[in-house]
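The structure appears below as structure tokens.
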Amino acid sequence: MHPTTELYGRGVYRFLMSRQWVILTLIALILIPTMIRLGIWQMHRYEERTARNQLVTDALAADPVPVERLTAPGHTVTSAERYRTVTAQGRFDTQDEVVVRRRTNSDDEVGYHVLTPFVLDDGKVLLVNRGWIPSTGPSQTTYPKVPAPPDGEITVEGRLMPDETTAASGIKNLRGLPDRQIMLINSEQQARRLDARVLGGYIAQTAPEPKGDVPELLGNPGKEDAALNYAYAIQWWLFSAAVPVGWVVLARREARDRARKAAGESDTTETEPAAV
């Protein structure tokens with residue numbers, strides 16, 4: 001019988017009980033379920049993002065409806081209602097217009113969003129985000145130059161959006177701001193300021209388009225990269241499968257090296273001349 005084969009049969013794999021290999025094995029046993037759970041989490045993220053993308057697609061494709069069919073004073077805009085195209089008939093109230101600070105356009109330039117109350121025919125108020133304008137004043141405390149909206153009775157169209165909150169946006173609702181400047185678009189806060197019945201949420205105006213392209217209308221909402229989460233999930237599961245394979249490869253290599261070393265020492269001992 002070959003010496004290496006004999007040594008395999010004499011318990012070469014006893015090294016697996018060594019402290020080093022016990023620790024390595026425990027690490028492998030921890031890594032496998034951890035990576036599987038990470039893959040499951042990424043798959044859940046993929047499903048969530050795919051569902052949100054589908055909601056956005058469905059909302060943008062839906063036919064416009066009157067705004068009061070989806071929202072009312074005190075109403076919280078749901079995820080299914082978000083981005084729905086709505087219409088409203090009334091007039092802009094520029095006397096109570098405000099600007100929203102620290103907002104960027106598609107080129108990441110910092111400026112303002114223009115928030116103008118839109119008084120409906122029944123007296124309720126719809127908050128309309130008319131779009132982005134640059135910061136043209138000498139300082140942030142100066143109220144910027146805001147292009148006027150159309151006069152008189154008009155019909156506006158826009159995407160319905162939920163109220164902004166610090167928890168959802170990460171934007172702090174700072175106090176002591178300059179006159180007619182705000183940080184968040186929130187219908188409850190604006191209802192107190194205007195002392196009016198304000199519809200829940202607001203709309204990002206899409207029509208009519210402003211003259212001279214100012215304010216700059218907000219673009220369509222972007223899609224989340226769900227495919228990336230799917231790829232990450234597959235990657236984690238491949239890693240979890242590679243751990244035991246790698247452990248076996250390392251163990252067999254270690255056993256083979258030990259067997260060869262032991263066989264070499266055995267051969268050396270057998271060929272040494274007996275002492276006289």
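The values are calculated or read from the model by the stated rules, or taken from the named source; none is laboratory data. Model, not experiment: these values are computed from the prediction. Cβ sites come from the backbone with ideal geometry, for glycine too, and all protein chains shown count toward neighbours. Ligands, DNA and RNA are excluded from the accessible area calculation, which covers all protein heavy atoms including side chains. Shrake-Rupley method; radii C 1.70, N 1.55, O 1.52, S 1.80 Å.
The requirement of being among the charged types (D, E, K, R), part of a helix (DSSP H, G or I) and open to solvent by 60 Å² or more (accessible area, probe 1.4 Å) is satisfied by Asp58.
Yes or no, residue by residue, for (1) at pLDDT 90 or above; (2) out of contact with any helix residue (DSSP H, G or I) (no Cβ under 6 Å at 6 or more places or on another chain); (3) outside any loop (DSSP other than H, G, I, E, B); (4) exposed (fewer than 15 other Cβ atoms within 10 Å of the Cβ):
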site: Pro138; (1), (2), (3), (4): no, yes, no, yes
site: Gly158; (1), (2), (3), (4): yes, yes, yes, no
site: Glu164; (1), (2), (3), (4): yes, yes, no, no
site: Ala168; (1), (2), (3), (4): no, yes, yes, yes
site: Pro178; (1), (2), (3), (4): yes, yes, no, yes
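Is it true that Thr76 is more than 17 Å from Asp121 (Cα to Cα), touching a helix residue (DSSP H, G or I) at 6+ places or on another chain (Cβ under 8 Å) and modelled with pLDDT of 95 or more? So Thr76 does not fit the description; no.
In summary, Pro144 fulfils each of the numbered conditions (1) in contact (Cβ under 8 Å) with a residue 12 or more places away in the chain; (2) open to solvent by 60 Å² or more (accessible area, probe 1.4 Å); (3) not in a strand (DSSP E or B) with the single exception of condition (2). Of the residues that make up region 238-256, is at least one of a type outside the set (Ser, Thr, Tyr) and touching a Leu at 6+ places or on another chain (Cβ under 6 Å)? Checked against the condition, which is being of a type outside the set (Ser, Thr, Tyr) and touching a Leu at 6+ places or on another chain (Cβ under 6 Å), region 238-256 yields at least one hit.
Which of the residues spanning region 194-220 are among the charged types (D, E, K, R) and touching a residue at least 24 places away in the same chain (Cβ under 8 Å)?
If we filter region 194-220 for residues that are among the charged types (D, E, K, R), which is where we start, we get 195, 197, 209, 211, 213, 216.
Hits for region 194-220 are Arg197, Lys211, Glu216.
Out of region 106-127, which residues are closer than 21 Å to Ala191 by Cβ and either in a loop (DSSP other than H, G, I, E, B) or touching a Gly at 6+ places or on another chain (Cβ under 9 Å) (or both)?
Result: His113, Val114, Phe118, Val119, Leu120, Asp121, Asp122, Gly123, Lys124, Val125, Leu126, Leu127.
The listed residues are Thr25, Thr71, Thr50, Thr76, and the only one of them that is touching a residue at least 40 places away in the same chain (Cβ under 8 Å), open to solvent by 70 Å² or more (accessible area, probe 1.4 Å) and not aliphatic (A, V, I, L, M) turns out to be Thr76.
Okay, residues lined up against (1) over 30 Å from Ile30 (Cα atoms); (2) modelled with pLDDT under 90; (3) more than 25 Å from the chain's Cα centre (by Cα):
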{"site": "Gln181", "(1), (2), (3)": "yes, no, yes"}
{"site": "Thr206", "(1), (2), (3)": "yes, no, no"}
{"site": "Glu209", "(1), (2), (3)": "yes, no, yes"}
{"site": "Asp213", "(1), (2), (3)": "yes, yes, yes"}
{"site": "Glu224", "(1), (2), (3)": "yes, yes, no"}
{"site": "Val248", "(1), (2), (3)": "no, no, yes"}
{"site": "Glu254", "(1), (2), (3)": "no, yes, yes"}
{"site": "Ala259", "(1), (2), (3)": "no, yes, yes"}
